[in-house]
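Enquirer: Mind looking over this structure? Questions follow.
The values are calculated or read from the model by the stated rules, or taken from the named source; none is laboratory data. Note that the structure is a prediction, hence the values are computed from the model and not measured. For neighbour counting, all protein chains shown are included, and Cβ atoms are generated from backbone atoms with ideal geometry for every residue, glycine included. Ligands, DNA and RNA are excluded from the accessible area calculation, which covers all protein heavy atoms including side chains. Shrake-Rupley method; radii C 1.70, N 1.55, O 1.52, S 1.80 Å.
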Amino acid sequence: MNRYRLLFAAATALAAAACRATAPVPPATTSPAPLVQPPRIIPAPETMTVGSGAPFAITKTTVIRVDNGNAEALQVAEALGTLLRPSTGYPLPAALVPAGAPDVAPGAGNAIHLALASDRASLGDEGYELTVTAESVRLLAYRPAGLFRGVQTLRQLLPAKIESEIGIDRPAWNIPAVTISDRPRFAWRGAMLDVARHFFTVKEVEQFIDIAALYKLNVVHLHLTDDQGWRIEIPSRPLLTSVGSLSQVGGGKGGFYTREDWAEIVRYAQDRYITIVPEIEMPGHSYAGMSAYPAVACANRPAGSAYTGTDVGWSTFCVDSAATYALLDDIIRDLAAMSPGEYIHIGGDEVATLAAPQYIKFIERVQGIVNAHGKKMVGWEEITKARLLPTTVAQQWKSDSATAALQYGSKLIMSPSNRIYLDMKYNDSTELGLNWAANIEVRDAYDWDPATYMAGVPESAILGVEAPLWSETVQNITAAEYLIMPRLPAVAEVGWSPQARRSWDDFRTRLASHATRWNQLGINWYRSPQVPW
């Protein structure tokens, strides 16, 4: 499987003077300094100064040191070595180094330093400082997650061929001289993959996670259940998968994640400092679960046969039934035990068959179940009709009810469907995707500010941003990549970079340089006419 990483492109321009053969030769003059492009990093760092000195060259004697670190920081250093070794062919050993040790052992060559700094609390969990000179690379962070985010920046500072799985004969692997101080704007920077409408294998989910990590996202939200399929093993309720997982949109065999599969996905994401947020859709979008346990079914289609269409709003759990809450308690308990993240997403959207009092009572009761099992609840913005706890998070998508969350002290995740629903078509001629919300080009996904998008929703009320990819028309990771690339990097910058550092004209130029890296990695992407590829 390809490794997903990023790109730096540098160019120089040289000037030469010419003279007539019959004219006197003028005195020697100093040529203009070469023009060097600044590194094209996405998301744009909070501050970056490009130095005038020579670059740092990775060679066969380069070592990776972890100063003032721990085992977790060493794991990040090993990940950096794993990134660099295949293409360079260099050993690049990584090791914890005692405090006060010299920069490098005699004859050991130059060094890439990773260090944890207890006096850098202002960087937060994910911020970092990076200084590159000809002599060394120094990456500093308050927490190991910050070191990992800084490593993604190092990837982008290196040539695209650093992503190759095959050794490449190059005269040098240079990192330009820069000084960067960087940290994220929003705490939640996510992407959602709908594995319910069409099932995605563990490897495909990991490929999705790799792209998210490349652009410093820290949440992958998996939409695990819907009318068309139930995709997660619940040990106490085995019929959910033995009956509910057997189909998908348009038919086909469907599939589900075993407990072992789920543990692998969670571990893979944790290694990249990404939290997996599982979503069990309720009370609507629930036919696959009801088909396994018909006693909790309230729908205008008989439970028992698979649903392979794409209509919404017609299915719901029987919200006045004790059997429903017994089932949901089992599901949430087991899922909470398998998922180390803080949050469980309960859906809550597009319920057309319940009266308002029924819906409100259901959401409040499920909120209590989620909290009782040690998790915080997330739901689509319709949940704001109920009384929420301050720890509950509402996910905005259509804007007609999201602001009600603020009265309870709850925060919002911004996912405006007309901006960052990545299952929407780029334009009318795009083969994949839908267009019920809008046609969304790259600039549409980039050129908006979460803090001004909705009247009455200040930045302090926003937990972050998340780009969903619903899979009605998306059958595999290749199709998913086509729809998320290049729009997901745009959303990543919306979530990470200070608003003052963002400019569409600058972004589109930086984005264009990343195509070489995507090609190296084998990522499928859309060649937007808005970007100067």
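Enquirer: If V137 satisfies every condition in (1) among the hydrophobic types (A, V, I, L, M, F, W, C); (2) in contact with a Phe, Trp or Tyr (Cβ under 7 Å, 6 or more places away or on another chain); (3) closer than 30 Å to A263 by Cα but one, which is the exception?
Expert: Failing condition for V137: (3).
Enquirer: Keeping to segment 298-329, report how many residues are open to solvent by 30 Å² or more (accessible area, probe 1.4 Å) and not in a loop (DSSP other than H, G, I, E, B).
Expert: Looking only at that region, the number is 6.
Enquirer: Still on this structure: Considering only residues that are among the hydrophobic types (A, V, I, L, M, F, W, C) and closer than 18 Å to A355 by Cα, which ones fall in segment 381-391?
Expert: I383, A386
Enquirer: If you don't mind, another one. So which of G433, G456 ends up being surrounded by fewer than 22 Cβ atoms within 10 Å (Cβ to Cβ) and touching a residue at least 40 places away in the same chain (Cβ under 8 Å)?
Expert: Being surrounded by fewer than 22 Cβ atoms within 10 Å (Cβ to Cβ) and touching a residue at least 40 places away in the same chain (Cβ under 8 Å) holds for just one of G433, G456, which is G456.
Enquirer: Among the candidates A196, A213, which residue alone is part of a loop (DSSP other than H, G, I, E, B), touching a residue at least 12 places away in the same chain (Cβ under 8 Å) and open to solvent by less than 10 Å² (accessible area, probe 1.4 Å)?
Expert: Details: A213 fails: part of a loop (DSSP other than H, G, I, E, B).
Only one candidate passes the filter, namely A196.
Enquirer: Now, a different point. What are the residues in segment 158-175 that are surrounded by fewer than 20 Cβ atoms within 10 Å (Cβ to Cβ), part of a loop (DSSP other than H, G, I, E, B) and within 26 Å of the chain's Cα centre (by Cα), if any?
Expert: S164, E165
Enquirer: Kindly indicate whether L412 is assigned to a helix (DSSP H, G or I) and within 22 Å of A187 (Cβ to Cβ).
Expert: Values: assigned to a helix (DSSP H, G or I): no; within 22 Å of A187 (Cβ to Cβ): yes.
No.
Enquirer: Now a separate question. For W533, state whether it is open to solvent by 50 Å² or more (accessible area, probe 1.4 Å), under 27 Å from S401 (Cβ atoms) and either basic (K, R) or free of Cβ contacts under 8 Å to residues at least 60 places away in the same chain (or both).
Expert: Values: open to solvent by 50 Å² or more (accessible area, probe 1.4 Å): yes; under 27 Å from S401 (Cβ atoms): no; either basic (K, R) or free of Cβ contacts under 8 Å to residues at least 60 places away in the same chain (or both): yes.
Judged against the criteria, W533 is not a match.
Enquirer: Another question, then. Let me confirm something: among E459, E431, which residue is at pLDDT below 95 and not small (G, A, S)? Break it down stepwise before answering.
Expert: Values: E459 fails: at pLDDT below 95.
Just one listed residue meets the conditions, E431.
Enquirer: Where residues in segment 470-487 are hydrophobic (A, V, I, L, M, F, W, C) and surrounded by 24 or more Cβ atoms within 10 Å (Cβ to Cβ), which of them is nearest to the chain's Cα centre (by Cα)?
Expert: So the residue we want is I484.
Enquirer: Before we move on, is T275 among the polar types (S, T, N, Q), under 25 Å from M377 (Cβ atoms) and buried (at least 20 other Cβ atoms within 10 Å of the Cβ)? Even if it seems obvious, please write down each step before you answer.
Expert: On the way: among the polar types (S, T, N, Q): yes; under 25 Å from M377 (Cβ atoms): yes; buried (at least 20 other Cβ atoms within 10 Å of the Cβ): no.
It is false that T275 is among the polar types (S, T, N, Q), under 25 Å from M377 (Cβ atoms) and buried (at least 20 other Cβ atoms within 10 Å of the Cβ).
Enquirer: Shifting gears a bit: Could you grab me the full set of residues in segment 33-90 that are open to solvent by 60 Å² or more (accessible area, probe 1.4 Å) and either part of a strand (DSSP E or B) or aromatic (F, W, Y) (or both)?
Expert: Residues satisfying the conditions are T47, T49, V50.
Enquirer: May I ask you to list the residues in segment 231-267 that are open to solvent by less than 20 Å² (accessible area, probe 1.4 Å), within 20 Å of F208 (Cα to Cα) and in contact (Cβ under 8 Å) with a residue 40 or more places away in the chain?
Expert: Passing the criteria: I232, G254, G255, Y257, W262, I265, V266.
Enquirer: Considering only segment 346-365, state which residues are closer than 16 Å to A322 by Cα and surrounded by fewer than 24 Cβ atoms within 10 Å (Cβ to Cβ).
Expert: Q358, Y359, K361, E364, R365
Enquirer: Tell me yes or no: at least one residue of segment 518-528 is over 14 Å from the mean Cα position of the chain (by Cα), touching a residue at least 24 places away in the same chain (Cβ under 8 Å), closer than 21 Å to N439 by Cβ and open to solvent by 50 Å² or more (accessible area, probe 1.4 Å).
Expert: Yes: segment 518-528 contains one or more residues that are over 14 Å from the mean Cα position of the chain (by Cα), touching a residue at least 24 places away in the same chain (Cβ under 8 Å), closer than 21 Å to N439 by Cβ and open to solvent by 50 Å² or more (accessible area, probe 1.4 Å).
Enquirer: Among the listed residues R508, R501, which satisfies the condition of being open to solvent by 30 Å² or more (accessible area, probe 1.4 Å), touching a strand residue (DSSP E or B) at 6+ places or on another chain (Cβ under 9 Å) and touching a residue at least 60 places away in the same chain (Cβ under 8 Å)?
Expert: R501
Enquirer: Against the definition (over 14 Å from L83 (Cα atoms), part of a loop (DSSP other than H, G, I, E, B), open to solvent by 10 Å² or more (accessible area, probe 1.4 Å) and in contact with a Gly (Cβ under 8 Å, 6 or more places away or on another chain)), how does R185 come out, yes or no?
Expert: For R185, the condition - over 14 Å from L83 (Cα atoms), part of a loop (DSSP other than H, G, I, E, B), open to solvent by 10 Å² or more (accessible area, probe 1.4 Å) and in contact with a Gly (Cβ under 8 Å, 6 or more places away or on another chain) - is met.
Enquirer: With the structure loaded, tell me whether R333 is in contact (Cβ under 8 Å) with a residue 24 or more places away in the chain, among the basic types (K, R), open to solvent by 30 Å² or more (accessible area, probe 1.4 Å) and under 22 Å from T241 (Cα atoms) or whether it fails that test.
Expert: So R333 passes the test.
Enquirer: Give just the number: which of (1) touching a helix residue (DSSP H, G or I) at 6+ places or on another chain (Cβ under 6 Å); (2) assigned to a strand (DSSP E or B); (3) free of Cβ contacts under 8 Å to residues at least 40 places away in the same chain does R138 not satisfy?
Expert: Status for R138: all satisfied but (1).
Enquirer: Now a separate question. Out of all the residues in segment 281-299, is one or more touching a helix residue (DSSP H, G or I) at 6+ places or on another chain (Cβ under 8 Å), closer than 30 Å to F186 by Cα and of a type in the set (D, E)?
Expert: No, every residue in segment 281-299 fails to be touching a helix residue (DSSP H, G or I) at 6+ places or on another chain (Cβ under 8 Å), closer than 30 Å to F186 by Cα and of a type in the set (D, E).
Enquirer: Could you list, in sequence order, the residues of segment 47-84 that are hydroxyl-bearing (S, T, Y), in contact with a Ser or Thr (Cβ under 9 Å, 6 or more places away or on another chain) and closer than 20 Å to S164 by Cα?
Expert: Scanning segment 47-84 gives T59, T62.
Enquirer: Hey, can you tell me all the residues within segment 39-79 that are in contact (Cβ under 8 Å) with a residue 24 or more places away in the chain and of a type in the set (D, E)?
Expert: Of everything in segment 39-79, those that are in contact (Cβ under 8 Å) with a residue 24 or more places away in the chain and of a type in the set (D, E) turn out to be E46, D67, E72.
Enquirer: Being under 18 Å from S245 (Cα atoms) and part of a helix (DSSP H, G or I) is the filter here; which residues of segment 199-210 pass it?
Expert: V202, E204, V205
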